[in-house]
Amino acid sequence: MDKGQTGAIDKRQARAAFSHAASHYDEVAELQREIGRRMLQRLTYIRHQPQVVLDVGAGTGEATLALKKHYKKARTIALDFAMPMLHQVRKRGGWLRRPVCICGDAEQLPLADQSVDMIFSNAVLQWCNDLQGTFSEFLRVLRPNGMLLFSTFGPDTLQELRKSWSHVDGHSHVSPFPDMHDVGDAMVRAGLAEPVVDVDRMRLTYDDVSSLMRDLKTLGAHNVTRNRPRGLTGKGRLRAMYEAYESFRMDGRLPVSYEVVYGHAWAPQQRQIDGVTVIPVDQIGIGKRGQG
């Protein structure tokens, strides 16, 4: 799915936002940590013993270290497009537990073809402009029978904030999020095998809108679309958005909705390169992977 020019993510601004957020990210990343924990729990039901694990969009590295602990014999790589995030990863754990860190974009992985056995990616794909292309890139670096496990946010995410801004102007104030069906279709078109997608709905609550906006800024998750309004938002328009958001207040709190899309898939044992089906020698005679 290509977001096109109107909804496209400005990668330069996104990188700058996450770079600025790195030092305080963990203070407000409660939701991201919970999603990561739920993803890690899923690994207990999947029989897979990777030799190389790649955490795409590693952030400050909490999931990276958990993956390193879960797969003790594997080489774990943390990849993020914001170098200050990787500096935070390097601060975690002792010398022997520190993962390899690579600064790179999920849409253009700086890794060799078929070089990793597992890709883990928590809340990253919504920052990619070409979803199918990103899945194709994941497939390129996965070895045959390699596994992809990811999460991203669906279109109902931040719906209250989106609707509140719609009462103020016609500009894009909330980044676009891919639909679950678009995610599944992109996986199939990219050539990933046995794709599975499901959705979970989560909700946070705040005392006021300013606290939500402050957290989004601290996370680096504020609007970085190319057609975002330029310059400072006037106080009058901001106040109008705050007032519109008040219509959602329940039990004294303001809700913030998140639609979390989970997915996993496998790299096929056989894949076509320039129209020719290639079967890796080390896969000949090996049975199908097992799942518990």
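Summary of computed values
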| quantity | calculated |
| --- | --- |
| Filter pass, V224 being of a type outside the set (F, W, Y), modelled with pLDDT under 95, open to solvent by less than 60 Å² (accessible area, probe 1.4 Å) and under 24 Å from Y262 (Cβ atoms) | yes |
| Among the candidates Q114, Q159, residue that is on the phi > 0 side of the Ramachandran plot and either out of contact with any Phe, Trp or Tyr (no Cβ under 8 Å at 6 or more places or on another chain) or open to solvent by less than 10 Å² (accessible area, probe 1.4 Å) (or both) | Q114 |
| Among residues of segment 241-270, those that are open to solvent by less than 40 Å² (accessible area, probe 1.4 Å) and assigned to a helix (DSSP H, G or I), counted | 3 |
| Count of residues meeting criterion [under 16 Å from G57 (Cβ atoms) and hydrophobic (A, V, I, L, M, F, W, C)] in segment 143-168 | 4 |
| Neighbours by Cβ (under 7 Å, 6+ apart or cross-chain): first from segment 72-91, among the β-branched types (V, I, T); second in a helix (DSSP H, G or I) | T76/T64; T76/L67; T76/K68; V89/T64 |
| Count - residues of segment 165-177 that are of a type in the set (S, T, N, Q) and within 20 Å of the chain's Cα centre (by Cα) | 1 |
| Residue count for segment 178-202, restricted to those that are more than 18 Å from the chain's Cα centre (by Cα) and open to solvent by 40 Å² or more (accessible area, probe 1.4 Å) | 3 |
| Matching option when the condition is under 29 Å from L254 (Cα atoms), part of a loop (DSSP other than H, G, I, E, B) and open to solvent by less than 30 Å² (accessible area, probe 1.4 Å), among S175, S164 | S175 |
| Number of positions in segment 121-138 that are in contact with a helix residue (DSSP H, G or I) (Cβ under 6 Å, 6 or more places away or on another chain) and either more than 21 Å from A193 (Cβ to Cβ) or buried (at least 19 other Cβ atoms within 10 Å of the Cβ) (or both) | 7 |
| Tabulated pairs, segment 188-217, first farther than 23 Å from L139 by Cα and modelled with pLDDT under 95, second open to solvent by 40 Å² or more (accessible area, probe 1.4 Å) and in a loop (DSSP other than H, G, I, E, B), C-beta under 8 angstrom, 6+ apart or interchain | M213/H222; L216/H222 |
| Scan of segment 53-85 for residues that are more than 22 Å from L139 (Cβ to Cβ) and surrounded by 23 or more Cβ atoms within 10 Å (Cβ to Cβ), ordered by number | G59, T60, G61, A82, M85 |
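This table checks each residue for (1) farther than 24 Å from S172 by Cβ; (2) under 17 Å from the mean Cα position of the chain (by Cα); (3) surrounded by fewer than 17 Cβ atoms within 10 Å (Cβ to Cβ).
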{"residue": "K11", "(1), (2), (3)": "no, yes, yes"}
{"residue": "A17", "(1), (2), (3)": "no, yes, no"}
{"residue": "H20", "(1), (2), (3)": "no, no, yes"}
{"residue": "E30", "(1), (2), (3)": "yes, yes, yes"}
{"residue": "E34", "(1), (2), (3)": "yes, yes, yes"}
{"residue": "R37", "(1), (2), (3)": "yes, yes, yes"}
{"residue": "I46", "(1), (2), (3)": "yes, no, yes"}
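The values are calculated or read from the model by the stated rules, or taken from the named source; none is laboratory data. Here the structure is a predicted model, which means the values were calculated and not measured. Here Cβ is always computed from backbone atoms with ideal geometry, including for glycine, and neighbour counts include all displayed protein chains. Just so you know, the surface numbers come from the protein's heavy atoms only, side chains and all, with ligands and any DNA or RNA stripped out. Shrake-Rupley method; radii C 1.70, N 1.55, O 1.52, S 1.80 Å.
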